[in-house]
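See below for the structure under consideration.
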Ligand SMILES: Nc1ncnc2c1ncn2[C@@H]1O[C@H](COP(=O)(O)OP(=O)(O)OP(=O)(O)O)[C@@H](O)[C@H]1O
Ligand SMILES: [Mg+2]
């Protein structure tokens, strides 16, 4: 059983408009709502892979109901703590000229009593799972070291931990030594205030080794259309991305995280886990919706994945 943690989920609303004019009435067309937030994408992708999943985090209001319905509909169990204010809605307005305007809500402020309630519930859920995945930003009110705190609780109970976030939450989370982190290349660069543009793989491997020296088990760096690198105790592996015409690449990292979590939970070795993550995230580029992919396409892409050993250590 895998537990996903979504502390700041969102409803992603897309709409079209001929042209957007500030200060005027703007009439939207083709309004569509999608369940969003990185942890929710991971939950749905994990279910498609066939994993048993419990989803926890914070939800509230009618938008929270929408998120929970999507979680239940995909076959995962809901164990959310309710907030008084609703889950945020992020509006993407696409104009006829192709420009996209994003109007983002701040999301709820989480009070100390809810953080306490969540932590108690999380502690109980840990007794039912082997792996926990933490995804996305922290809502206002939640301290920057919160993922770190939860990772320590999980490790005490022998539960594997996977962290996918950025900035301060990632920096603080690393201090608790999760089993796997999956920054994208920008998130990795930001961590060390280094520009990784034009760096070769060996340079990036050295950055991942720094993180592993701090006690993180494995580091997977996703590099968009370039591919993905995984460094663990057995060595470093780089896989090229599948060559394709993407429909939507937002959330591909979440599909990769779901695949890595599934493999880790099953005890599949790092190199094979990397192959699957590349195939699953590639299949996700062929869907408009995040957290979705065609399993047949994954099988096809899996045959095309090429992985090179970048460094090799004796086990
Ligand atoms: N254009 C593409 N073609 C093929 N594969 C892609 C493409 N874009 C992404 N991928 C695959 O998806 C993986 C994850 O993508 P990316 O590095 O963009 O993650 P991310 O920035 O964490 O995304 P998000 O946070 O939106 O989920 C890549 O390592 C790659 O394997
Ligand atoms: Mg990401």
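Any read-out appearing in this document is the output of simple, stated calculations on the displayed coordinates, not a laboratory observation. These numbers were taken from a predicted model, which means no experiment stands behind them. Note: ideal-geometry Cβ built from the backbone for every residue, glycine included; neighbour counts use all protein chains shown.
Things worth noting here:
- Anisotropy class of the chain from Cα gyration tensor, a/c 1.5 cut: oblate
- Part-to-part distance (alpha-carbon centres) for the stretch 94-123 and the stretch 219-286, which is given in Å: 26 Å
- Least to most buried among 237, 34 (fewest other Cβ within 10 Å first): 34, 237
- Taking the helices alone, the chain has a mean residue ellipticity at 222 nm of -11500 deg cm²/dmol, built from -39,500 (n - 2.57) per DSSP H run of at least 4 residues and averaged over all its residues.
- Burial ordering of 153, 228, 1, fewest other beta-carbon atoms within 10 Å first: 1, 153, 228
- Peptides ranked, highest mean first, by Cβ atoms within 10 Å: ranges 87-96, 48-57: 48-57, 87-96
- Gain in span if fully extended, residue 300 to residue 190, counting 0.36 nm per residue against the direct Cα distance: 36.1 nm
- Sequence-distant contacts, meaning Cα pairs under 8 Å at least 6 residues apart, place the relative contact order of the stretch 182-315 at 25 percent.
- Percent antiparallel among DSSP beta bridges (both partners in the chain, rounded to 5): 45 percent
- Each DSSP beta bridge with both residues in the stretch 15-139 is either parallel or antiparallel, and the antiparallel ones are about 40%.
- Measuring r between the beta carbons of residue 271 and residue 113 and using R0 = 51 Å, the FRET efficiency lands at 0.65.
- Residue 247-residue 96 pseudo-label distance in nm [points 7 Å out on the Cα-to-Cβ vector]: 2.6 nm
- The stretch 173-204 and the stretch 3-41 have their alpha-carbon centroids 29 Å apart.
- Entry note, the chain: relative contact order of 16 percent, from Cα contacts under 8 Å with a spacing of 6+ residues.
- Residue with peak Gaussian network fluctuation, the chain [Cα springs, cutoff 10 Å], from 104, 180, 125: 104
- Full extension of the chain between residue 144 and residue 309 yields a length gain of 55.9 nm, computed as 0.36 nm times the residue separation minus the alpha carbon distance.
- Relative contact order of the stretch 1-40: 54 percent, from C-alpha pairs under 8 Å at least 6 residues apart in sequence.
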